[in-house]
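What follows draws every value from the coordinates through simple rules; no lab data is involved. Just so it is clear, the structure is predicted and the values come from calculations on it, not from any experiment. Note that each Cβ is placed from the backbone with ideal geometry, even for glycine, and that neighbours are counted across all protein chains shown.
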Amino acid sequence: MVAKRNKQKVKLLEPLTSDEKIKFSFRYYDTTCNDFCLSSWGSIKIAETLKKLQDINNKTYNEINSGRTTYHFHPVSWEQTIKKNGFPLTEVNRLSAFQFALIGVNSGKARVYGALYQNTFFIVWFDLEHTIWPSFKSHT
């Protein structure tokens, strides 16, 4: 059963200081949703993903946010996704949801969904096929 989304959000403490690097946490990682678990990707894609996370881990929030075109790092609008209720845990839904691209993984389609609080990104889902928030090409 999916928990109802709590409308109250924790306010981000922005801007972060320029020297604070993004940290990753798996505290809210959803192991019950097989479609969005990293373990289902295969060893090559997992290795590529870990390398990308290591690269991002060496960047500050401002560096990632200023490189939006590279990382496609932005807040999640649940209404535009297939997960209208947000994350399965109420606790993580109180934080601001973000997603970013894993450029170079699965032809650039791979995405990571989670919540950002201060300089910690809480990973919830790995979306290999960009299915949670499908993008539609215009003029095709």
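A few comments on the model shown:
- Averaged over residues, the count of other Cβ atoms within 10 Å places the peptides 78-85, 91-98 in the sequence 91-98, 78-85, highest first.
- Taking 0.36 nm per residue of sequence separation and removing the Cα-Cα distance, the HIS74/SER43 pair yields an extension gain of 8.4 nm.
- Over segment 23-127, relative contact order from alpha-carbon pairs under 8 Å, at least 6 apart, %: 35
- The packing ranking of peptides 120-131, 47-58, highest mean first, is 120-131, 47-58, where packing means the average number of other beta carbon atoms within 10 angstrom of each residue.
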